[in-house]
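Visitor: Take this structure first; my questions come after.
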Amino acid sequence: MNTRHALLAAALAVGTLAGAATVQAAEGTPNPPRQSWTFAGVFGTFDRAQLQRGFKVYREVCQACHQLKIPFRTLAQNGGPQFSVAQVTALAAEYKVQDGPNDAGEMFERPGRPADFIPPPFPNENAAAAANGGKAPPPLQVIAKARGFERGFPWFIVDVIPFLQYQEHGPDYIHALLTGYEEPPAGFTVPPGGHYNKYFPGHVIAMPNPLSDGQVEYPKGPDGRSPVPETVEQYSKDLAAFLMWTAEPALEQRKRMGFMVIIFLAVFSYLMYYVKKKVWAQVGGEAEGAPGTAPLGPTG
Amino acid sequence: MSQHATTYVPKSRFAKWFESRLPLAGLVHSSFIAFPVPRNLTYFWTFGAILIFMLAAQIVTGVWLAMHYVPHANLAFDSVEAIMRDVNYGWLLRYLHANGASMFFIAVYIHIFRNLYYGSYKAPREVLYLLGIIIFILMMATAFMGYVLPWGQMSFWGATVITNLFSAVPVVGDTIVSLLWGGYSVGNPTLNRFFALHYLLPFMIAGVVVLHIWALHVVGQNNPAGIPIKSGKDAVPFTPYATVKDLFATVVFMMFFAWWVFFLPNYLGHADNYIPANPAVTPAHIVPEWYFLPFYAILRAIPDKLGGVIAMFGAIVVLALVPWLDTSRVRSANYRPLYRQFFWVFVIVCVLLGWLGAKPPEGGYVIAARICTAWYFIHFLVVLPLLGLFETPKPLPSSIAETVLGKKGGAGMPVGAAAEPSTRG
């Protein structure tokens, strides 16, 4: 009876809390297709080369309008794209950063340093909005955690079960959005300034299709060709992976530590179980009819 | 604790000197070592210890987070991001704290449902139970204000919706709302005072927990049989028996906790809370944290604002009245065939309310929420009082020891004052 109740209660508890994972998806918007990511799962890690390619896509395409509020130095950090310190220093120096006030009380510009944040494309939010049809493009550093979609019952329960777990809603959404530009279906009128996107809630998105095949040149392999195709599909995946890293820079450390913590607790609880069993054997155990032979402890 | 004469005997000279001035060691001894525990407790009784662990974990991680967090409308969101990126193990502290709130509520809901199933609220445990309800209310206030602190979209709009509820109060409603806001809308003063209160309330919870444990140690623990300790055979000393069992259960619970923290850290949160608060943009659906969803569903089920607010707060008030609404003389649902069925129906209704709270308030969802809300109140106000009058309980076992050991008997502890005070049933 009690075991059954326990199981039932556990199932219900999981059911209730999983219901919290609700993310807006307007009616009639298909859910983004699930992609395979190197950073998914218990042992997930980022693919350095993919993050480096993703950064290149951000720099050459997204950066025209979207801010990425992270310091240059983090691009060299462990668990990220891991550019070399020399590469990051050179990269930062390519940007002009406003500093000041100096001794004369004036603001001045200087080349960027690794400790600087990547400068925003617009001086402030109003300027960004004015240049983009009245609405500032969102900053991208946590966008992979700020977007998602609802999978509905029973998936919200399945998605928390070990080894079936699914946390990559954000990157899947980014990938789907960037590959989701298409002609509107017959009878669908796209308002001026809007663009049709299959996966955007409500289908009308202000951002025009930013990517096209061959737009970003990827680093060449030894045979003189890029090891991955230079297509919208690949750009979207690389960018989504990169943005997952910017949103969750400690992801690798977290998963590595989590695995060790759970192994430790599993061993600990296994030992605790037998300690408890031995202690309770002194008073005849907890189970019905268990024989009690050992003498009582000092407190009994 | 005065109930049980302590068996603690100080050994060293210092211990004797100290004990005669402040009998602290004797208090701890009688409360956590020699305290008689019914021997038939199941793992559902380990959630008290798990809750103490969660409260401690929340306070420790919270104090550390507060060292890095900045309670200012323009800086809060970025300070949380700085914790995630630049503070050593800041991501761990924050995920422990954010998911810890959910774990705290999972544990407290299991604790409350266990209480309802086994009739633990009945005499002589009414005060113990009411203190528990006070802790639950304080927990909800703390969790709500904590969710506002990251100052994301759900923080801001959740705060707006919930604080606005008080405007439904006749006459003084608007004054209360301005007082909560510190102005005429949710803004920096709101964030600041919520931070101050979020830091204060956990210590108030800790204070009430002390009273809760004190009351527990006066009346003793209920147990699955729902009958009092009658002889030493029915009980075992708290240490080592309950201690070791509680520790084992806590470690297992920590494993469950770790799974969320390390592998699904954002699953229980809302994606919109990673968008900085923006008073000019309302999210498509404003949804509270999962543990408030049943109450949120009750709030929205009533078409009238004041009515909804009354129903929502009434849902908690009615919980506090349970000791006087339940007329049955038998505690445990194991011996109440009808109540047991109604109990599970009630659990399902609560889960359904939680699911409905996450759904948009339209069409069939509203109708379902109204039916479930009605049943929530019917369960307490009609079913509980009537069941006690019409139900024929199963025969109760003659002793706790009999339910565990059969008629064979086994070792127990010498219990004189261990038996609970017999005021009634």
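Visitor: If you build a Gaussian network model of chain A, linking Cα atoms that sit under 10 Å apart, which residue out of A:VAL216, A:VAL279, A:VAL88 swings the most?
Guide: It is A:VAL279.
Visitor: May I pose another question? By a straight-distance test (C-alpha under 16 Å), which aspartates and glutamates pair with A:LYS277 as possible cross-link partners, with residues fewer than eight away in the same chain excluded?
Guide: Straight-distance partners of A:LYS277: A:GLU286, A:GLU288, B:ASP246.
Visitor: Go ahead and estimate [θ] at 222 nm for the protein assembly as shown from helices alone: -39,500 (n - 2.57) per DSSP H run with n ≥ 4, summed, over the residue count, rounded to 500.
Guide: Values: 26 runs with 362 residues, N = 725.
Only helices count here, giving -16000 deg cm²/dmol.
Visitor: I'd like to compare B:166-172, A:186-192, A:137-143: which one has the highest average count of other Cβ atoms within 10 Å, and what's the full order after that?
Guide: So the peptides B:166-172, A:186-192, A:137-143, ranked by packing, come out A:137-143, B:166-172, A:186-192.
Visitor: How far is helix A:48-60 tilted, in degrees, relative to the longest principal axis of the Cα atoms in chain A, given as a value from 0 to 90 rounded to the nearest 10?
Guide: Taking the Cα atoms of chain A, the angle to A:48-60 is about 40 degrees.
Visitor: Now a separate question. What lysines sit close enough to B:LYS305 to cross-link, taking a C-alpha to C-alpha distance under 26 Å and skipping anything fewer than 8 places away on the same chain?
Guide: Within the straight-line cut-off, B:LYS305 pairs with B:LYS359.
Visitor: Given a Förster distance of 60 angstrom, what is the FRET efficiency for B:GLU362 paired with B:THR7, based on the Cβ-Cβ distance and rounded to 0.05?
Guide: After rounding, the FRET efficiency stands at 0.40.
Visitor: Using the count of nearby Cβ atoms within 10 Å as a rough guide to exposure, how do A:HIS169, A:HIS195, B:HIS198 rank from fewest to most?
Guide: Details: A:HIS169 24, A:HIS195 17, B:HIS198 21.
Going from least to most buried by this count: A:HIS195, B:HIS198, A:HIS169.
Visitor: Chain A: Rg/Rh from Cα coordinates, Kirkwood Rh?
Guide: Reported Rg/Rh, Kirkwood definition of Rh: 1.13.
Visitor: Roughly how many nanometres apart are two label points built 7 Å out from the Cα toward the Cβ at A:GLU109 and A:LYS198?
Guide: So the label points at A:GLU109 and A:LYS198 sit 4.2 nm apart.
Visitor: Under a crude label model (7 Å from the Cα following the beta-carbon direction), how far is B:PHE14 from B:LEU179 in nanometres?
Guide: Taking the simple label geometry, B:PHE14 and B:LEU179 are separated by 5.0 nm.
Visitor: Next up: Lysines within cross-link reach of A:LYS69: Cα-Cα under 18 Å, excluding same-chain residues under 8 positions apart?
Guide: Within the straight-line limit of under 18 Å, A:LYS69 reaches these lysines: A:LYS56, A:LYS96, A:LYS145.
Visitor: Please compute the contact order of chain A in relative form: average sequence separation of alpha-carbon pairs under 8 Å and at least six residues apart, divided by the residue count, as a percent.
Guide: Relative contact order, chain A: 22 percent.
Visitor: A further question follows. Whats the longest run of chain A with zero GluC sites (Glu not before Pro) that are DSSP loop and have at most 13 other Cβ atoms within 10 Å?
Guide: A:107-181
Visitor: What does the average come to when, for each residue of peptide B:239-247, you count the partner chain Cβ atoms lying within 10 Å of its Cβ? Don't jump to the answer; show the numbers that get you there.
Guide: Values: counts 3, 9, 9, 0, 2, 8, 7, 1, 5.
Going residue by residue through B:239-247 and averaging, the value is 5.
Visitor: Contour minus end-to-end for B:ASP86 and B:VAL382, with contour as 0.36 nm per residue of separation and end-to-end as the Cα-Cα distance?
Guide: Full-extension gain reported as 101.0 nm.
Visitor: Averaged across A:268-277, how many Cβ atoms of other chains sit within 10 Å of each residue's Cβ atom?
Guide: 5
Visitor: Mean separation of Cα pairs under 8 Å and 6+ residues apart, divided by the residue count of chain B: what relative contact order is that in percent?
Guide: Reported relative contact order: 25 percent.
Visitor: Taking only Cα atoms of chain B, what ratio of Rg to Rh do you get with Rh as the Kirkwood inverse-distance radius?
Guide: Ratio of gyration radius to Kirkwood radius: 1.00.
Visitor: Label A:ALA93 and B:SER398 with points 7 Å out from Cα along Cα→Cβ: what is the distance between them in nm?
Guide: In this crude spin-label approximation the distance works out to 9.3 nm.
Visitor: Could you give P(r) for the protein assembly as shown, binned at 20 Å from zero, as whole percent values over all Cα-Cα pairs?
Guide: Going out from 0 Å in 20 Å bins, the protein assembly as shown shows 15, 44, 30, 11, 1 percent.
Visitor: Please say if the stretch B:287-396 is rounded, prolate or oblate, where rounded means a/c under 1.5 for a ≥ b ≥ c the square roots of the C-alpha gyration tensor eigenvalues, and otherwise the choice is prolate for a/b larger than b/c and oblate otherwise?
Guide: prolate
Visitor: As an exercise, use a Förster radius of 25 Å and the Cβ-Cβ distance of B:GLN341 and A:ILE157 to find the FRET efficiency, rounded to the nearest 0.05.
Guide: On the way: r = 25 Å, r/R0 = 0.99.
That gives a FRET efficiency of 0.50.
Visitor: Right, next: Within a 10 angstrom radius of each residue's Cβ in A:66-75, how many Cβ atoms of other chains show up on average? Whole number is fine.
Guide: What the average comes to for A:66-75 is 1.
Visitor: Could you work out the longest stretch of chain B that avoids the trypsin sites (Lys or Arg not before Pro) located in DSSP loops with at most 15 other Cβ atoms within 10 Å?
Guide: B:22-328
Visitor: Now a separate question. Membrane-span-like helices in chain B: DSSP H runs reaching 18 Å or more (Cα, own axis), mean Kyte hydropathy at least -1.0?
Guide: B:47-66, B:90-118, B:126-148, B:188-219, B:243-263, B:305-320, B:337-357, B:363-378
Visitor: Ok, one more. To the nearest 0.05, how large is the calculated FRET efficiency for A:ALA131 and B:ARG193 if R₀ is 41 Å and r is the Cβ-Cβ distance?
Guide: 0.60
Taken together, the values in this text are just the output of simple stated rules run on the coordinates, not laboratory data. Just so it is clear, the model here is predicted, and its values are computed rather than measured. Cβ: placed from backbone, ideal geometry, glycine included. Neighbour counts: every protein chain shown.
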